[in-house]
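Everything below concerns the one structure shown next.
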Number of protein chains: 6
Amino acid sequence: MKIKIINPNTTLEMTESISAAGRSVARQGTEIVAVSPSFGPASIESYYDEFLCAPGVIEEVRLGDREGYDAYIVACYGDPGLHAAREVTLRPVIGIAEASLYTASILAARFSIVTVIPRIKTMLEEMVENYGFGRKVVNVRTTPLYVLDVEKDPEGALETLREEARRAVAEDDAEAILLGCAGFAEFADELEGELGIPVLDGVVCAVKLAEAVVELSKTTSKSKTYRFPERKTFAGAFARFGAETAHAEAAE
Amino acid sequence: MKIKIINPNTTLEMTESISAAGRSVARQGTEIVAVSPSFGPASIESYYDEFLCAPGVIEEVRLGDREGYDAYIVACYGDPGLHAAREVTLRPVIGIAEASLYTASILAARFSIVTVIPRIKTMLEEMVENYGFGRKVVNVRTTPLYVLDVEKDPEGALETLREEARRAVAEDDAEAILLGCAGFAEFADELEGELGIPVLDGVVCAVKLAEAVVELSKTTSKSKTYRFPERKTFAGAFARFGAETAHAEAAE
Amino acid sequence: MKIKIINPNTTLEMTESISAAGRSVARQGTEIVAVSPSFGPASIESYYDEFLCAPGVIEEVRLGDREGYDAYIVACYGDPGLHAAREVTLRPVIGIAEASLYTASILAARFSIVTVIPRIKTMLEEMVENYGFGRKVVNVRTTPLYVLDVEKDPEGALETLREEARRAVAEDDAEAILLGCAGFAEFADELEGELGIPVLDGVVCAVKLAEAVVELSKTTSKSKTYRFPERKTFAGAFARFGAETAHAEAAE
Amino acid sequence: MKIKIINPNTTLEMTESISAAGRSVARQGTEIVAVSPSFGPASIESYYDEFLCAPGVIEEVRLGDREGYDAYIVACYGDPGLHAAREVTLRPVIGIAEASLYTASILAARFSIVTVIPRIKTMLEEMVENYGFGRKVVNVRTTPLYVLDVEKDPEGALETLREEARRAVAEDDAEAILLGCAGFAEFADELEGELGIPVLDGVVCAVKLAEAVVELSKTTSKSKTYRFPERKTFAGAFARFGAETAHAEAAE
Amino acid sequence: MKIKIINPNTTLEMTESISAAGRSVARQGTEIVAVSPSFGPASIESYYDEFLCAPGVIEEVRLGDREGYDAYIVACYGDPGLHAAREVTLRPVIGIAEASLYTASILAARFSIVTVIPRIKTMLEEMVENYGFGRKVVNVRTTPLYVLDVEKDPEGALETLREEARRAVAEDDAEAILLGCAGFAEFADELEGELGIPVLDGVVCAVKLAEAVVELSKTTSKSKTYRFPERKTFAGAFARFGAETAHAEAAE
Amino acid sequence: MKIKIINPNTTLEMTESISAAGRSVARQGTEIVAVSPSFGPASIESYYDEFLCAPGVIEEVRLGDREGYDAYIVACYGDPGLHAAREVTLRPVIGIAEASLYTASILAARFSIVTVIPRIKTMLEEMVENYGFGRKVVNVRTTPLYVLDVEKDPEGALETLREEARRAVAEDDAEAILLGCAGFAEFADELEGELGIPVLDGVVCAVKLAEAVVELSKTTSKSKTYRFPERKTFAGAFARFGAETAHAEAAE
């Protein structure tokens, strides 16, 4: 089985650490390939970044189908472009945020998300609500951390996360912690050891869910919402997205 | 890895067919054992049946911990006793209804549940709402089928399901169908072939999620809601549940 | 009129104090009988306890129908087994939690529940949400009190409740307090006197609602959700629940 | 015990039939007095009517306190002015809509309201949602009936109600019917006999709840939302409402 | 274009300051006339005041139609009588609370309302929920201010508002502030300058929305909920409201 | 005042008809300029199209700020990229869907949206829910129409819309119709004339709201969610979006 993890940002160090997280839990026989799009933001910390990374995510899924992947993972904790990515392929596409929410629900009754800078709180709360987890997610806790701070100062980042996670336990009655950034993957085990409750990184959750769905031989429903995109012209720099659509329909 | 599937009803033919469904998707190395409690209803079609099967489910989880299982599955599409079962063990416990909802959410935007007799509609809708899937589940569709009709007249049962599933597609815009009874597992593939959209049986979904969570080495949060039960006396025929609690706490 | 109050736990001292609370508000002509099931937990402080007390509650309702009761009250503030109890009888069955919520809604716009140990917060919040009172109940406040602490140290329990109730008034803007444990009944009047707002014990609310519904000659709807349970076999120690079902249907 | 039922409209024939309904279920020792305000609409079938009847309702509660009533009932199925009425008295004030919703919840899992002309559907749905019963009320069904048609042609009105109630059972899976107009009280028993499920008139429900709350010696919370109105001047034709406020505060 | 702003209370100093606020943003060609009803409360700070001011609001709209107004604004931050006012005219009727909510939603993702005395919190929260803004409005913050304090001590009122608005920014993460009383209009600019985020007074928002809707030549839907009131008799002091209804229908 | 209407698709005939709609309601002194992005899909009928048009929308807003526009309108009935567009400018940005919802709420209690092909139903329902209008929008009705069918066969398109709008009135009790595609603007008046209820095109609603907000001198809150994007590098074909960010912050 080949799983393509798409890091929606273009910071390759982060892509590599995401890849490492994915490989750390993959079963023998599961090949993990992590990539970044060829264009887009170095990190995702706003609606602006989210909308500007989504075309690259979609492109990587389309390329992936030609390369024979069995499943895709969108590895940014806002699941950017997820619904669109599902339209362009039959293969399962999983967001790391949703993966962490489903996994957490099996392990704990209530949980908090600990994430990066304050401006994304609204974005994540809207996502959580759309997924139906508004009651299980007690709080979306932001920190002063920028996404790329993890690479620059891992120890400082861990300390900031640790403090906020402890506040989640003490003040939110959180029974599990969800790490709200793909870059936090490396800290999950250490924090879990310290806190004594599940600390979930979405990347590893998504890899295991991808394996599960592929082994069930399930494919994305093409009946209505996630049908292949309509055949149409794309103008200018995005002309190739029109051509690719035709390709997709031919594959049906 | 050893997974114990608990069929909350006491009809052993059904336990066997659930076991077969589970084994059909288990990985090499995953041992599936399916059991029924030693006491309780022959089928589950009401709140009455649900509350009277739950103690047996709990008991099987407690016994399972002594037998060294790695995960538990509650294989009735109302997930009876699920929260209580999580309290008595560190191992992950998964309900087939929740497993089908998480899996369906990866594959389709909206879906309908097709289940047994009309009286359980309220029970399932309340469950769906509690899980946060009230918007994704377009409809809970009941049929005239009793749970045990599947064993008695499989062809008739399949025909009834087929008709109701077709109505779900035509009238609800369902993009996937969730089979709302563990006994329907055997029909999933045939219906999926006919309908051309994902048709999900919760048993197989739960087995794959159980494997995933076990491979992530995650255990149930013992911080608050799912703490081990308090040590206390149980009267009369349930005296052993008090003793078992003590055992559980010792294991902590 | 004969009302049977079922204390779902098996601590008879508590059953007696519940009985006293019920009798204190019963009208002349209303006979109150309080019982505990013959099997089950000494107190109810978890999902585990809740699911293990429910069969005993159901059994007491079934026995009650043979004894000629006019109504039933489930006297634990999680209303355990309530929906199932309604299935087995034509007579009205009332939970003390719902009774307190309806009564409070007549007297105040917003209110808080003050209850026992923290682990049951999720359970009560889910119940409140299912009853539709998620907006009126501002907070579910837990305390360090175990259910049986009330019998052991009534003064200490009262002091703990007093403090938490005061916090509810100061921090939640609660306009009434709902006592979230049947064992707290004896403290309601004293706390109400001190706080100057309604303090509601569910037992007395339920007794008055039971009298009201009986005098309206209303019986439980047997049309769909609360139909009598289907006739079926029960295995092992619960075999008698199958027989009782047959009895129930005969009574229809 | 003296209960004042306020028919918010000024049609005295209807006030009399509401009074009869109330007396039919009152206990010995409960005195029922039904009145209409001295000013306002002949019937209530719009927001316009609702807002123009509310001052009269409020006035009747204020007068009632001088006359020594123990509880008040607002007998129009939109509960007009209910929150304001609670502000002006310590005595419990109950709306017939809320009374029917609480009573129905004890007897059935889901129910439909059958009411008058289509334009009030939005008004009733908003009320149901505000009370938290949006999930239990499956449908608010309107008919071509005007409120006063019941007096003019009782047989025709009954036939129209019967048909719509049957549709509620067949199409909504309603397990109980709530009569959405105080004027329908006289039809409840006949419809219940025919349909075989509870058919609830709010007037009788409210009388029994009023008796219950009075016997519990409970009064309206004066802590925040339902405090007595602030002392202030009222201009013009409503000057007396200012004076009355002063009176109310004096009583505190 | 002629816009009639109805200050639902009868304090003419306040009507004048509302008028000034309205005129300050009106376009050339927009005539603003602000009035108070001839009867009703001097300020609106409870359900009592709200229900007793609504008839006056309705009357002013009816009078306005004879005077040839193009739109109406209900200038109290609870939008009292709004739905009823829409029934009696074809012209658009806008509440200042809804106007502030729509405008704020264009400018900010989350916002808090800062308003008068604590007792109206429930009333405003219910209104916000009914308008669908329960998630965007993070908090309804009350102050010790009475409505008429603004006229008596403008500087003190401003200081109180400033403090509460700062708390909203610091504690609620409010990205805009909505002034929850028509009398606060004069403070909006100063507070906005200090806080650096949008501070919205509903009066000016409503004037601009009224101009917009009138220029679109849109009128109130008369199809169902907002149909003209039914023709009927009104008793006593409100007899004229019956006559007016007839007038309204004639105009259709 | 200069308002830039951004048609997110690249079909210039449609941009022109949107421009005409906008100009038809603009005040004297309001300059309307309508544009399409330089890259992206010819029409928007899926999540794929939505995510691939959003970068072009963002770019047009950024260009617009250099050109001195006072407000922006996103003229596709899914409001694609709206939140991101708000991040990059101080000027108000309005989506035509939200504009139609706010306007409709002033005119009618309940309404239906009539839109293009069935696959976008989920997308629009999610948007409506996020805006908080899930209760006011009774139904999202799709048709067999593709976006560009309007240009190809206007009469056929009108006939299809007419039929679906009539169904909305008859079956949904819709009191107003919202046209769920910018290309439908030209049909609004004719349909409104025929149906006798408000028929709202979002483009004209948005133009009037834009004028209103600009005249109020209000700008987008830069406090948290809609802060200017963080300064960062963008890779590949989107490198210019990084540079533009720097520009934006300089402007602060």
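Observations on the structure shown:
- Note on segment C:203-233: among residues that are free of Cβ contacts under 8 Å to residues at least 40 places away in the same chain and buried (at least 24 other Cβ atoms within 10 Å of the Cβ), the one that is farthest from D:GLY196 (Cα to Cα) is C:ALA212.
- Residue within segment A:80-87 that is at positive phi, within 14 Å of the chain's Cα centre (by Cα) and either in contact (Cβ under 8 Å) with a residue 60 or more places away in the chain or open to solvent by less than 10 Å² (accessible area, probe 1.4 Å) (or both) present: yes
- From F:ILE120, F:ILE113, F:ILE106, residue being assigned to a helix (DSSP H, G or I), touching a residue at least 24 places away in the same chain (Cβ under 8 Å) and aliphatic (A, V, I, L, M): F:ILE120
- Taking the listed residues B:LEU178, B:LEU107, the one that is crowded, with 20+ Cβ neighbours inside 10 Å, of a type outside the set (Lys, Arg) and within 11 Å of chain A (Cβ to nearest Cβ) is B:LEU107, with no other qualifying.
- Matching residues, segment A:57-71, being touching a helix residue (DSSP H, G or I) at 6+ places or on another chain (Cβ under 7 Å), aliphatic (A, V, I, L, M) and under 25 Å from A:ALA42 (Cβ atoms): A:VAL57, A:ILE58, A:VAL61
- Residues of segment D:211-224 classified as of a type outside the set (A, V, I, L, M, F, W, C) and more than 8 Å from every other protein chain (Cβ to nearest Cβ), total: 1
- The lone exception for F:GLY183 - which of (1) out of contact with any Phe, Trp or Tyr (no Cβ under 7 Å at 6 or more places or on another chain); (2) surrounded by fewer than 22 Cβ atoms within 10 Å (Cβ to Cβ) it fails: (2)
- When C:VAL35 is tested against (1) within 18 Å of B:ARG62 (Cβ to Cβ); (2) open to solvent by 20 Å² or more (accessible area, probe 1.4 Å); (3) of a type outside the set (Gly, Ala, Ser), exactly one condition is not met: (1).
- Filtered residues of segment E:38-76 (kept if among the hydroxyl-bearing types (Ser, Thr, Tyr) and either within 11 Å of chain D (Cβ to nearest Cβ) or open to solvent by 10 Å² or more (accessible area, probe 1.4 Å) (or both)): E:SER38, E:SER43, E:SER46, E:TYR47, E:TYR48, E:TYR69
The rows are residues; the columns are (1) touching a strand residue (DSSP E or B) at 6+ places or on another chain (Cβ under 8 Å); (2) more than 13 Å from chain A (Cβ to nearest Cβ); (3) within 27 Å of A:SER46 (Cβ to Cβ).
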| site | (1), (2), (3) |
| --- | --- |
| F:LEU145 | no, no, no |
| F:ASP201 | yes, yes, no |
| F:LEU209 | yes, yes, yes |
| F:TYR226 | no, no, yes |
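- Each residue in segment D:162-199 was checked for being outside any helix (DSSP H, G or I) and of a type in the set (Gly, Ala, Ser), and 4 of them qualify.
- Within segment D:123-149, restricting attention to residues that are under 18 Å from D:ASP172 (Cβ atoms) and hydroxyl-bearing (Ser, Thr, Tyr), the residue that is farthest from the chain's Cα centre (by Cα) is D:THR143.
- When the test is whether a residue is away from chain A (no Cβ under 11 Å), at pLDDT 95 or above and surrounded by fewer than 19 Cβ atoms within 10 Å (Cβ to Cβ), B:GLU155 passes it.
- Number of residues in segment D:1-32 that are open to solvent by 20 Å² or more (accessible area, probe 1.4 Å) and among the small types (Gly, Ala, Ser) equals 5.
- Here segment D:123-138 is the region considered, the condition is being closer than 30 Å to C:TYR72 by Cβ and assigned to a helix (DSSP H, G or I), and the residue that is farthest from the other protein chains (Cβ to nearest Cβ) is D:VAL128.
- Of residues in segment B:23-37 being closer than 19 Å to B:GLY183 by Cβ and either in contact with a Leu (Cβ under 8 Å, 6 or more places away or on another chain) or among the polar types (S, T, N, Q) (or both), the one nearest to the other protein chains (Cβ to nearest Cβ): B:VAL25
- Residues of segment B:91-104 that are more than 12 Å from B:VAL213 (Cβ to Cβ), within 10 Å of chain A (Cβ to nearest Cβ) and aliphatic (A, V, I, L, M): B:LEU101, B:ALA104.
- Across segment B:34-59, the number of residues qualifying as free of Cβ contacts under 8 Å to residues at least 60 places away in the same chain and among the charged types (D, E, K, R) comes to 1.
- The set of residues in segment D:27-66 being closer than 17 Å to E:THR225 by Cβ and not hydrophobic (A, V, I, L, M, F, W, C) consists of D:GLU45, D:SER46, D:TYR47, D:TYR48, D:ASP49, D:GLU50.
- One residue from C:VAL114, C:VAL150, C:VAL138, C:VAL93 being open to solvent by 10 Å² or more (accessible area, probe 1.4 Å), hydrophobic (A, V, I, L, M, F, W, C) and over 16 Å from C:GLU50 (Cα atoms): C:VAL138
- Of all the numbered requirements in (1) surrounded by fewer than 24 Cβ atoms within 10 Å (Cβ to Cβ); (2) of a type outside the set (D, E, K, R); (3) within 21 Å of the chain's Cα centre (by Cα), D:GLY193 misses one, and that requirement is (3).
- Hey, C:GLY156 outside any helix (DSSP H, G or I), free of Cβ contacts under 8 Å to residues at least 12 places away in the same chain and either in contact with a helix residue (DSSP H, G or I) (Cβ under 8 Å, 6 or more places away or on another chain) or not assigned by TED's automatic domain parsing to the domain that holds C:SER24 (or both) or not: no
The values are calculated or read from the model by the stated rules, or taken from the named source; none is laboratory data. None of these values were measured; they are calculated from a predicted model. Using ideal geometry, Cβ is built from the backbone for each residue, glycine included, and neighbour counts are taken over all protein chains shown. What goes into the accessible areas is simple: the full protein's heavy atoms, side chains included, and nothing from ligands, DNA or RNA. Shrake-Rupley method; radii C 1.70, N 1.55, O 1.52, S 1.80 Å.
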